[in-house]
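Novice: Structure in structure tokens, see below.
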Amino acid sequence: PPAPQTPAEIVDAAYALTGSNTLDNVTLTGKIITVNTPYDTGFKNITVTIVVEGKEDKPIMCYRMKGTGADVIGEGYTITVTGNIKNYNGTIEFDTGCSLDSYQEGTLEGADMTPEQIVDAAYELAVGGQLAGRKTLTGVITSIDNAYSTEFNNITVTMVVEGKEDKPIKCFRMKGSGADVIAIGDTITVSGILKNYDGTVEFDTGCTLDTYEKDDSA
């Protein structure tokens, strides 16, 4: 088949990659929706996730990207990236060695969403999709999915936001002060990246327990 030419064709081709197949030396411009790993001053790289206009349902990670401006870019910035794209365990990403060609400052929309709007938007995500930027939600724990791990200092729970009890949110491998004592019925505030993982709407690994309030009715 002919090589993909337009940004949309490149994104679709990237999402069709299987196994060790790669798209080599392609360039895409997109808006940063997540800073996955902050700029590392030692290695001079950063890992971010971008979405290309018109393909917002197919985010692309830029893994350990280097280049002028890598230390200043953030969520909402529009960047142009060149490198090889691969499917890494289901994550479509520019591989290590990708370069930041240019960047333009910008802001993310949806920064002023209400909790209800955040939950609804999360439930509208396609499988593999994620909301732009870190979000914060407060809700009541309805189940403990994986008990607190003393080895990894994390816990997986499911919570519901008031008024959105029909749309539970999983908090996957959540860390933070109190993660070892929270229980069903407690009210928690959680921050992180909201995504649709294989049909489950969840805060991704790396989410944090900001505050908690014990259920005093128990």
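The values are calculated or read from the model by the stated rules, or taken from the named source; none is laboratory data. Nothing here was measured: the structure is a model prediction, and the numbers come from that model. When we count neighbours, we look across all protein chains shown, and the Cβ atoms used for this are built from the backbone with ideal geometry, even at glycine. Heavy atoms of the whole protein, side chains included, go into the accessibility calculation; ligands, DNA and RNA do not. Shrake-Rupley method; radii C 1.70, N 1.55, O 1.52, S 1.80 Å.
Novice: Within 14 Å, Cβ to Cβ, of residue 152, how many net charges do the neighbouring residues add up to if Lys/Arg are +1 and Asp/Glu are -1? All intermediate terms of the calculation are to be shown ahead of the outcome.
Specialist: Working: positive: 173, 175; negative: 151, 180.
Within the 14 Å Cβ shell, the charges total 0.
Novice: Here's something else I'd like to know. Only four residue types carry charge here, +1 at the Cβ of Lys and Arg and -1 at the Cβ of Asp and Glu. Report the dipole size of the range 1-96 about the Cα centre in Debye, rounded to the nearest 20. Provide the component values of the computation, followed by the final result.
Specialist: On the way: 7 positive and 11 negative charges, 39 e Å.
I would put it at about 180 debye.
Novice: Still on this structure, I have one more. What list of ³J(HN,Hα) values in whole Hz, one per residue of the range 137-144 in order, does the Karplus curve 6.51 cos²θ - 1.76 cosθ + 1.60 (θ = phi - 60°) give from phi, with Gly and Pro shown as x?
Specialist: 9, 10, x, 9, 5, 9, 7, 9
Novice: Quick one: which residues, 5+ away or cross-chain, put their amide H under 5 Å from the amide H of residue 129? H built at 1.01 Å from N.
Specialist: 196
Novice: Whose amide H sits under 5 Å from the amide H of residue 171, counting only residues 5 or more places off or on another chain, with H placed in the peptide plane?
Specialist: Sorted by chain and number, the residues that satisfy this are 157, 158, 159, 203.
Novice: Take the chain, mark every one of the GluC sites (Glu not before Pro) that falls in a DSSP loop and has at most 13 other Cβ within 10 Å, then report the longest stretch left between them, sites excluded. Before the final figure, lay out each step's value.
Specialist: Details: sites that count: 53, 105, 109, 124, 151, 162, 165.
The longest uninterrupted stretch comes out as 166-218.
Novice: In addition: Could you derive backbone 3J(HN,Hα) for the range 15-22 from the dihedral phi with the Karplus parameters 6.51, -1.76 and 1.60 (θ = phi - 60°), listing whole Hz in sequence and x where the residue is Gly or Pro?
Specialist: Working through the residues one at a time gives 6, 8, 5, 9, x, 9, 5, 9 Hz.
Novice: Please list, in chain and number order, the residues 5+ apart from residue 164 or on another chain whose amide H is under 5 Å from its amide H, with Hs placed from the backbone.
Specialist: none
Novice: Moving to a separate point now. Filter the chymotrypsin sites (Phe, Trp or Tyr not before Pro) in the range 1-62 to those in DSSP coil with at most 16 other Cβ atoms within 10 Å of their Cβ, and list the result. Show your work: numbers first, answer last.
Specialist: Details: sites: 15, 39, 43; in loops: 43.
Passing both the DSSP loop test and the Cβ count: 43.
Novice: From the phi angles alone, apply the Karplus equation (6.51, -1.76, 1.60; θ = phi - 60°) to the range 200-209 and give each ³J(HN,Hα) in whole Hz, x where the residue is Gly or Pro.
Specialist: So the Karplus estimates, Gly and Pro as x, are 9, 7, 8, 6, 6, 3, x, 6, 10, 7 Hz.
Novice: On the protein heavy atoms, probe 1.4 angstrom, tell me the percent of accessible surface of the chain carried by carbon and sulfur.
Specialist: Working: 5510 of 11520 Å².
Percent of accessible area from carbon and sulfur atoms in the chain: 48.
Novice: Pairs to check: 58/135; 66/170; 86/164; 55/86; 86/167; 44/86. Give those whose C-alpha atoms are more than 29 Å from each other in this structure.
Specialist: Checking Cα-Cα distances, 66/170; 86/164; 86/167 exceed 29 Å.
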